[in-house]
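Engineer: So that we are looking at the same thing, I have put the structure below in structure tokens.
Only the coordinates and a few stated rules stand behind these numbers; no lab work does. Please read all numbers here as calculations on a predicted model, not as lab measurements. Counting neighbours? That spans all protein chains shown, and the Cβs are built from the backbone with ideal geometry, glycine included.
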Amino acid sequence: MNFNKDEVIGLLERLSNAKSPSGFEDETVAVVRDFCQGWADVEENSLRDALITPRGMHGNRPRVMLDAHGDEVGGMVKAIHANGAMSLVTLGRWPDGALTGQDVLVRNTRGEWLHGTIGVKPPHFMSEAERAARVAQPLILDVGATSAEEAREGFHLGIGEPIVPATRFTCDWERGICVGKAFDCRAGVVALLLALRELAGRGDLQVDVVASVSGQEEVGERGVAAAARHFGPRAAFMFEGCPADDTFLPADEVQAALHKGPMFRYFDRCMITNPRYQRFVLACATKAGLPVQTSVREGGGTDGGPVHLLDIPCVVAGVPCRYIHAATSLVALDDVMHTARVAVEVLSNMTPGVIAGF
């Protein structure tokens with residue numbers, strides 16, 4: 001199956017540029033709703049889950065839920081200081097130092113996004129003790145206000161407002177490499193939407209396929225549990241923007257490299273993948289000649305964690321993304337499209353008997 005490369009890039013661009021930290025997924029949901037016009041119905045719950053039901057699904061077959069999370073690591077304004085700068089809390093896990101000096105967007109109480117920075121104390125003002133300690137400095141959010149009054153009344157800033165990196169999406173069309181923010185998990189959202197639309201047009205499925213673009217994954221996989229309760233699926237197929245390790249590990253330990261297809265994990269901190277389901281997925285991919293990778297992860301977690309605890313077997317297809325949980329990451333378009341293709345093959349071959357065997 002072929003996908004339109006320009007459409008894939010355009011969808012990834014819109015989703016990457018969407019400003020949707022955990023708890024504030026509205027812009028992601030808007031892109032999803034727009035993409036689904038004409039072929040699927042989209043509901044939204046209070047957790048900002050987008051709940052998608054293709055119009056061709058009968059409703060009387062075993063239900064399989066696709067899922068990708070729509071949020072991204074970000075921040076929230078904690079306090080406004082007398083000098084006009086602000087402190088913040090992070091939404092999700094950032095590596096130490098990843099935010100220092102980063103240009104960011106902060107939403108004000110009018111709903112406008114203001115450009116600012118995470119301020120860095122110049123070395124000129126550091127004491128010898130500070131230089132020697134090499135301790136991370138407190139994060140200072142600054143949009144240029146000079147007093148708390150100006151911040152509140154001139155810039156209309158307030159506590160509880162969201163913050164995201166100001167990174168803008170770009171793509172090297174010829175080489176198929178995209179650079180942007182939030183590929184964890186917007187690359188997975190693209191693969192989900194492409195696969196779901198393809199499946200919605202197939203009349204020979206033996207299962208009903210629904211989908212959630214779930215909220216608040218980065219703060220503890222919160223939204224997907226509500227989505228699973230809403231749909232009550234018999235099985236789930238998760239999409240992720242997983243951390244590529246091909247620039248960090250020796251070649252014989254790499255388990256998630258660019259251009260080698262989706263990565264299916266056997267184990268991470270939140271789930272031991274159902275081995276029968278995993279074997280079925282890998283066999284479908286092999287039969288179709290599609291590239292896949294496998295891994296055993298000591299850390300990390302996905303939306304599969306809370307869902308498999310509901311006695312719903314899950315697998316996780318990770319689109320390899322370099323440098324996730326930072327302001328800028330890299331993804332290969334062929335990996336996004338191969339992830340969608342694998343999902344289509346798996347769901348096209350799934351039957352009630354197969355699910356019963358999980």
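Engineer: Hey, fewest Cβ within 10 Å first, where do MET65, MET238 land in order?
Structural biologist: MET65, MET238
Engineer: Test of understanding: ordering SER295, SER212, SER46 by Cβ neighbours within 10 Å, fewest first, what list do you get?
Structural biologist: Taking fewest neighbouring Cβ atoms as first place, the list is SER46, SER295, SER212.
Engineer: Taking the chain as a Gaussian network, Cα atoms linked when under 10 Å apart, which of PHE264, PHE183, PHE239 shows the biggest mean-square fluctuation?
Structural biologist: Highest fluctuation of the listed residues: PHE264.
Engineer: With point charges of +1 on the Cβ of Lys and Arg and -1 on the Cβ of Asp and Glu, referenced to the Cα centre of the chain, which listed residue (PHE169, ILE52, VAL207) lies farthest in the positive direction of the dipole?
Structural biologist: VAL207
Engineer: Past 24 Å, Cα to Cα, is the threshold; run LYS181/LYS260; LYS181/LYS287; LYS19/LYS121 against it and keep the listed order.
Structural biologist: Violating the 24 Å Cα-Cα cut-off are LYS181/LYS287; LYS19/LYS121.
Engineer: Okay, moving on. To the nearest 20 Debye, how big is the dipole of the chain about its Cα centre, given +1 on the beta carbon of each Lys and Arg and -1 on that of each Asp and Glu?
Structural biologist: So the magnitude is around 700 debye.
Engineer: For the residue pair LEU47 and VAL296, what label-to-label distance in nm results when each label sits 7 Å from Cα along the Cα-to-beta-carbon direction?
Structural biologist: Rounded to a tenth, the inter-label distance reads 3.1 nm.
Engineer: List the residues, sorted by chain then number, that are 5 or more residues from GLN255 or on another chain and whose placed amide H is less than 5 Å from its amide H.
Structural biologist: The list, which skips near neighbours in sequence, is ASP245.
Engineer: Treat every Asp and Glu Cβ in the range 9-89 as -1 and every Lys and Arg Cβ as +1, leave all other atoms uncharged, and give the resulting dipole magnitude about the Cα centre to the nearest 20 debye.
Structural biologist: I would put it at about 100 debye.
Engineer: Further question: Give the Rg (one decimal place) followed by the Dmax (whole number) of the chain, computed from C-alpha coordinates and expressed in Å.
Structural biologist: For the chain, the Cα-based Rg and Dmax read 21.1, 71 Å.
Engineer: Additional query: R0 = 51 Å: FRET efficiency of LYS121 with ASN60, Cβ-based, nearest 0.05?
Structural biologist: Efficiency, from the Cβ-Cβ distance: 0.20.
Engineer: List the relative contact order of the range 74-165 as a percent without decimals, with contacts defined as Cα pairs under 8 Å and 6+ residues apart.
Structural biologist: 44 percent
Engineer: Continuing with the same structure: Taking 0.36 nm per residue of sequence separation and subtracting the Cα-Cα distance, how much length would be gained by fully extending the chain between LYS287 and ASP103, in nm to one decimal?
Structural biologist: So the extension gain works out to 61.6 nm.
Engineer: For the range 80-96, in order, what is each residue's ³J(HN,Hα) by Karplus, 6.51 cos²θ - 1.76 cosθ + 1.60 with θ = phi - 60°, in whole Hz (x at glycine and Pro)?
Structural biologist: Values, residue by residue: 10, 8, 4, 8, x, 7, 9, 9, 8, 10, 8, 10, x, 9, 9, x, 3 Hz.
Engineer: Across the range 229-295, how large is the tail of the calculated P(r) beyond 19 Å, expressed as a percent of all Cα pairs?
Structural biologist: In whole percent, the share of Cα-Cα pairs in the range 229-295 beyond 19 Å is 41.
Engineer: Turning to a different aspect of this structure: Between ASP311 and GLU7, what is the label-to-label distance in nm when each label sits 7 Å out along the Cα-to-Cβ direction?
Structural biologist: In this crude spin-label approximation the distance works out to 4.0 nm.
Engineer: Work from the charge dipole of the range 74-165 (Cβ charges, +1 for Lys and Arg, -1 for Asp and Glu, about the Cα centre) and give the residue of SER87, ALA98, ALA145 farthest towards its positive end.
Structural biologist: Farthest towards the positive pole: ALA98.
Engineer: Using a simple spin-label model with points 7 Å from Cα along the Cα→Cβ vector, what separation in nm is obtained for TRP39 and SER87?
Structural biologist: Between TRP39 and SER87, the label points sit 5.0 nm apart.
Engineer: So how do CYS185, CYS178 line up by other beta-carbon neighbours within 10 Å, fewest first?
Structural biologist: Lowest to highest Cβ neighbour count: CYS178, CYS185.
Engineer: Also, quick follow-up: If you place +1 on the Cβ of every Lys and Arg, -1 on the Cβ of every Asp and Glu, and leave all else neutral, what size is the dipole of the range 259-300 about its Cα centre, to the nearest 20 Debye?
Structural biologist: So the dipole magnitude of the range 259-300 works out to roughly 100 debye.
Engineer: GluC sites (Glu not before Pro) within the range 162-258: which are DSSP loop residues with at most 14 other Cβ atoms inside 10 Å?
Structural biologist: Within the range 162-258, the qualifying GluC sites (Glu not before Pro) (loop, at most 14 other Cβ atoms within 10 Å) are GLU174.
Engineer: Continuing with the same structure: Using only helices, what value at 222 nm comes out for the chain when you add -39,500 (n - 2.57) per DSSP H run of length 4 or more and divide by the total residues, to the nearest 500 deg cm²/dmol?
Structural biologist: -8000 deg cm²/dmol
Engineer: Could you calculate, for the range 74-165, the ratio of the Cα radius of gyration to the Kirkwood radius, expressed as Rg to Rh?
Structural biologist: 0.99
Engineer: Whose amide H sits under 5 Å from the amide H of ILE324, counting only residues 5 or more places off or on another chain, with H placed in the peptide plane?
Structural biologist: Excluding prolines and chain starts, which carry no amide H, the hits are ALA244.
Engineer: Length gain on complete extension for the stretch ARG110 to GLU128, per 0.36 nm per residue less the alpha carbon to alpha carbon distance?
Structural biologist: 2.2 nm
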